[in-house]
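The values are calculated or read from the model by the stated rules, or taken from the named source; none is laboratory data. This one's a predicted model, so the numbers in the text were calculated from it and none came from an experiment. In this analysis, Cβ positions are derived from the backbone assuming ideal geometry, glycine residues included, and neighbour counts consider all displayed protein chains.
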Amino acid sequence: MSTFFTIAVIALVFLIIFQIAKASEYVAVLKGEEKSRKENNKVNGFFMVSFLIMGLIGIYWCNELFYGKTLLAHDPASVQGERVDSMMRLTLVITGFVFIITQVALFWFAYRYQETDKRKPYFFPHNNTMEVIWTVIPAIALTVLVVIGLRNWFSFTGEAPSNALQVEVTGHQFGWTFRYAGNDNKFGKKYYKLIDASNSLGLQWKDSADLNIKDDPDSHDDIVLDATMYVIKDKPVKLLINSRDVVHDVGLTEFRMKQDAVPGTPTTLWFTPKFTTREMQEKLNNPNFEYEISCDQMCGNGHYSMRGVIKVVSQFEFDAWMAGQSPAYYGAYPDKDPSKKPLPAVAAADSSAKKVAMVSSKAK
Amino acid sequence: MSNEAVLHTNVEGAITHDEHHDEHHEHHHHETFITKYVFSQDHKMIAKQFLITGMVWAVLGGLMSVLFRLQLGYPDSHFPFLENILGKWWVQNGQITAQAYYALVTTHGTVLVFFVLTAGLSGTFANFLIPLQVGARDMASPFLNMLSYWFFFSASVVMLSSIFVETGPFSGGWTAYPPLSALKDASPGSGTGMDLWLIAMALFVVSSLLGGLNYIVTILNLRTKGMSMTRLPLTIWSLFFTAVLGVLSFPVLLSGFILLIFDRNFGTSFYLSDIYISGVGALPNEGGNAILFQHLFWFLGHPEVYIILLPAMGMVSEILSVNSRKPIFGYMAMVGSLFAIAILAFLVWAHHMFVTGLNPFLGSIFVLLTLLIAVPSAIKVFNWLTTLWRGNIRFTPAMMFAIGFVSLFISGGLTGIWLGNSALDIHLHDTMFIVAHFHIVMGVASMFGMFAGIYHWYPKMYGRYLNNTLGYIHFWITMVGAYLIFWPMHYEGLAGMPRRYYSYSAWESFKQFGGLNQFISTVAMIVFSVQILFLLNFFYSIWKGRKVTTQNPYGSNTLEWTAPIRPGHGNWPGEIPEVHRWAYDYAKDGREFIPQTTPVDPNEANH
């Protein structure tokens, strides 16, 4: 019922506006076109300059309201992010300056030069000096921005430092799978046709004659995880990005980084986290804070729910966490899992590593 | 009625299309309803067909945005009445479903970009203005021109029908990136919905090519005596470059679509490789590259932005000059910057792909070329500002929208400098920042250009005026609303909020904008309803508007105002007028305006 009333009210408002507009046109015709045009002109000229003033106030107010909710309000969480933010601030100053000048000129001219009988418009078809000035000045400003931008771009997209922690990220509808190289620091080979319920990435765990695939021992110690990945504070991390189905995008808002996940075409990105998750929670005074991975490329009806989490921890915490992980291989082949033998947990991890290393050296 | 009498007393019957003594009419066949209004070959009628079809799409596309904004603004509210109207596929428990949300977002984008702002804007005004402003009786090939409309119409029908198929319309975003768009198992919308989407788009490309070739040929070959290229109004220049852009880039899009059709239906692997779909298993396709489609798509996709924007720029230049009562400042610079934009439009497509794993060196070239576009854009803005300076401005509704266009073009153009710089784009790519950017600079600004054009040339189209008061209401609410919707949206982007999200409630980083989203959605609804008011004004005025009583109501120089108030097929009774000067002799030598048809006085100053 309320819907019906809302629609009725809207229709009524329309009707009233329409009637007023019609009436005002009759009045205009009776008054004479010349006169009513001048009146309209005055009103709209005034509105133009009011719009300018209210608009500038509105921009200030909007900034007051929302600046604190943006990422610019706190320190970026990566070394790269600092450069993004400082570049963004410079760009804001330059474009903001041009914005104010041109908008003020536009609405002020509109107001100032509204039609009067007193003024003769000025015949001013061109002026080469002026045109050269406003070709050259933007060109110079843009050159500055391009130089800064490209320096950052090459630094962001350049090779990751050799000590970087490598993590493989694979997107799928609708979630993220992470892979660590394990103790041998080598990612084993994988092939997408091997993917099944126990092998979500298709790691090459055994010979497969019909696919012409050989067992890759490097893959036996690879650690595969869903939803949450761990990285180390102040240590560069390089993501090797894949997709299992459609194009996704690893969006790392807090780190100011982003890279598509393309099926069949691996991509990379790297960054250096500056604060642990816990430090950020304290900084932002938000105990629920997490570094979230958002999918930033339309990937299907569950796109909005494709969430991952990056835990940034200290080296010590990371090592302790890593020690508790067991290779995905043992999930598929529990009988080969050395930790199933009665041994203390930490020792088990160590010995399993040795065993895997031995196995892999034998295989070669 | 006395009111009617008031409105129409001043009508002079002197100059109407009823003058039958002209030679052109004599050998013209008798027109039936079908040949005059349906399968018309008159460019003016075809223009109106494009316009009205575009309006229908604008209403549908706008309504779609209202629906998905309802979800974004009021994620916790229930609207049971929508369920009754739209059905369970779209609305469940009074809430828009995720599949419906993505279908709406996708269709909104496709429809607004192609059907409204390409066909509705450039289709309308290229058809209407080119013959009238260059001094031609019609297009070079009126028949192809008619076909162009009917291909667009059939594209519209197919696109519309895709909304009603069981698995829903295509819902993978208007850019239709494969593999999502190629695999019906990846998204239900990529089934029949995508088939129809592709057919509709292919028909649309045909329509656009037929139209574009016609526009180019007409502008190059059918200019009247004395109308050299440098005497053309800027509208024609902009429509010319628009047509060139379309003719050179739409075929590339079609080729991309054809490969996609092969991948979808014939088992090829142009875009597909290494894909495992949950619930289906591994696909046999290997060796393709999904990024190839993005290159083909954006090779059209970026020029498309200018296909949308250039006609608006041209019309705004003309309207600003006429209503400032002074010449456009820097005519040659305006033509040159249009040319520069048209060339650069082909060289910047990969700036949509900075985060696809593009080679960084290649990326750097695209940064350079992208930011280079800011230079001709800046020239245009400064020239428009100088055109207003020391003018004698008449605020007709068309002029208001033209000024609004410049304001929006500045606002949206400047954020382009942020996004064109790849290092910043990494951060802002696919966030609400980019949604704000392109809606302001391409969507709303071009809409403003279109409104300006409609208000300005309505008297020429229908021989009647639109209601001015409604025009002013329309302008101010739309102008204020556009800024209220899209300005704060930049802040959402600066918080990293991704676009095309059905719901942000599960995200710790993005859920702080609930109130703002509600505000934006509410304003969007108000702005949408004001557009309905404009449509009422439009259709009411076709039959009931104040009649145009003078041939040249704005005191304008261009040729269309030398034609009768309601020009017949053939535009001018008798001879086509001869042109002696450029289109912008306003305020020259103390004369208010000097039409292009006025011979140059030997004593006249040289500009």
Would you point out which residue out of A:SER78, A:SER86 is within 43 Å of the chain's Cα centre (by Cα), within 30 Å of B:LEU424 (Cα to Cα), buried (at least 17 other Cβ atoms within 10 Å of the Cβ) and more than 9 Å from chain B (Cβ to nearest Cβ)? A:SER78
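Residues are listed down the side, and each one gets a yes or a no for (1) among the aromatic types (Phe, Trp, Tyr); (2) under 17 Å from B:ALA243 (Cβ atoms); (3) in contact with a Leu (Cβ under 9 Å, 6 or more places away or on another chain):
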site: B:VAL322; (1), (2), (3): no, no, no
site: B:PRO327; (1), (2), (3): no, no, no
site: B:ALA333; (1), (2), (3): no, no, no
site: B:GLY336; (1), (2), (3): no, no, no
site: B:ILE341; (1), (2), (3): no, yes, yes
site: B:ALA350; (1), (2), (3): no, no, yes
Is segment B:485-494 home to any residue that is farther than 19 Å from A:GLY45 by Cβ and without any contact (Cβ under 8 Å) to a residue 40 or more places away in the chain? yes
Could you please find all residues in segment B:361-385 being within 21 Å of A:ALA105 (Cβ to Cβ) and at the interface with chain A (Cβ under 7 Å from one of its Cβ atoms)? B:ALA374, B:VAL375, B:ALA378, B:ILE379, B:VAL381, B:PHE382, B:LEU385
Going through (1) under 30 Å from B:VAL134 (Cα atoms); (2) touching a Gly at 6+ places or on another chain (Cβ under 9 Å) one by one, B:THR218 fails only at (2)
Within segment A:256-304, which residues are in a strand (DSSP E or B) and at the interface with chain B (Cβ under 7 Å from one of its Cβ atoms)? A:MET257, A:LYS258, A:GLN259, A:ASP260, A:VAL262, A:THR265, A:THR267, A:GLU292, A:SER294
Can you tell me how many residues within segment A:37-65 are among the hydroxyl-bearing types (Ser, Thr, Tyr) and at the interface with chain B (Cβ under 8 Å from one of its Cβ atoms)? 0
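Yes or no, residue by residue, for (1) part of a helix (DSSP H, G or I); (2) within 14 Å of chain A (Cβ to nearest Cβ); (3) at pLDDT 50 or above:
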| position | (1), (2), (3) |
| --- | --- |
| B:VAL11 | no, yes, no |
| B:ILE15 | no, no, no |
| B:GLU31 | no, no, yes |
| B:MET45 | yes, no, yes |
| B:GLY61 | yes, no, yes |
| B:MET64 | yes, no, yes |
| B:GLN71 | yes, yes, yes |
From the list B:TYR306, B:TYR271, which one is touching a residue at least 60 places away in the same chain (Cβ under 8 Å) and part of a loop (DSSP other than H, G, I, E, B)? B:TYR271
Determine, yes or no, whether A:ILE17 is more than 7 Å from every other protein chain (Cβ to nearest Cβ), of a type in the set (Val, Ile, Thr) and over 24 Å from A:ASN285 (Cβ atoms). no
Scanning for something out of contact with any strand residue (DSSP E or B) (no Cβ under 7 Å at 6 or more places or on another chain) and either under 30 Å from A:ILE20 (Cα atoms) or within 8 Å of another protein chain (Cβ to nearest Cβ) (or both), does segment B:567-582 turn up at least one residue? no
With the requirement that a residue be without any contact (Cβ under 8 Å) to a residue 24 or more places away in the chain and in contact with a Phe, Trp or Tyr (Cβ under 7 Å, 6 or more places away or on another chain), what does segment A:191-212 give you? A:GLY202, A:GLN204, A:LEU211
Could you list, in sequence order, the residues of segment B:484-509 that are facing chain A (nearest Cβ under 7 Å) and closer than 19 Å to B:SER411 by Cα? B:TRP487, B:PRO488, B:TYR491, B:LEU494
Is one or more of the residues making up segment B:390-408 facing chain A (nearest Cβ under 7 Å), within 25 Å of the chain's Cα centre (by Cα), in contact (Cβ under 8 Å) with a residue 12 or more places away in the chain and surrounded by fewer than 24 Cβ atoms within 10 Å (Cβ to Cβ)? no
Please go through segment A:240-253 and pick out each residue that is out of contact with any helix residue (DSSP H, G or I) (no Cβ under 7 Å at 6 or more places or on another chain), at the interface with chain B (Cβ under 7 Å from one of its Cβ atoms) and more than 21 Å from B:ALA282 (Cβ to Cβ). A:ASP249, A:GLY251
Which residue is surrounded by the fewest Cβ atoms within 10 Å (Cβ to Cβ), if the candidates are limited to segment B:164-185 and must be in contact with a Lys or Arg (Cβ under 9 Å, 6 or more places away or on another chain) and of a type in the set (Gly, Ala, Ser)? B:GLY173
Taking segment A:188-235 only, how many residues are assigned to a strand (DSSP E or B) and either under 17 Å from A:PRO334 (Cβ atoms) or among the basic types (Lys, Arg) (or both)? 6
Within segment B:453-475, which residues are free of Cβ contacts under 8 Å to residues at least 60 places away in the same chain and over 19 Å from the mean Cα position of the chain (by Cα)? B:THR469
Return the only residue of B:GLY189, B:GLY226 being touching a His at 6+ places or on another chain (Cβ under 6 Å) and either surrounded by fewer than 20 Cβ atoms within 10 Å (Cβ to Cβ) or not in a loop (DSSP other than H, G, I, E, B) (or both). B:GLY226
One residue from B:LEU272, B:LEU283, B:LEU259 being facing chain A (nearest Cβ under 9 Å), touching a helix residue (DSSP H, G or I) at 6+ places or on another chain (Cβ under 9 Å) and surrounded by fewer than 24 Cβ atoms within 10 Å (Cβ to Cβ): B:LEU283
Note down all Cβ pairs under 6 Å where the first residue falls in segment B:531-545 and is farther than 15 Å from B:ARG566 by Cα and at the interface with chain A (Cβ under 8 Å from one of its Cβ atoms), the second is surrounded by 17 or more Cβ atoms within 10 Å (Cβ to Cβ) and not hydrophobic (A, V, I, L, M, F, W, C), and they're at least six residues apart or on different chains. B:ASN537/B:ASN467
With respect to B:TYR458, is the statement that it is more than 12 Å from chain A (Cβ to nearest Cβ), surrounded by fewer than 24 Cβ atoms within 10 Å (Cβ to Cβ), among the hydroxyl-bearing types (Ser, Thr, Tyr) and under 17 Å from B:LEU121 (Cβ atoms) true? yes
Give segment B:417-443 a look and list any residue that's out of contact with any Asp or Glu (no Cβ under 9 Å at 6 or more places or on another chain), more than 7 Å from chain A (Cβ to nearest Cβ) and closer than 19 Å to B:THR356 by Cα, or say none. B:GLY420, B:ASP425, B:LEU428
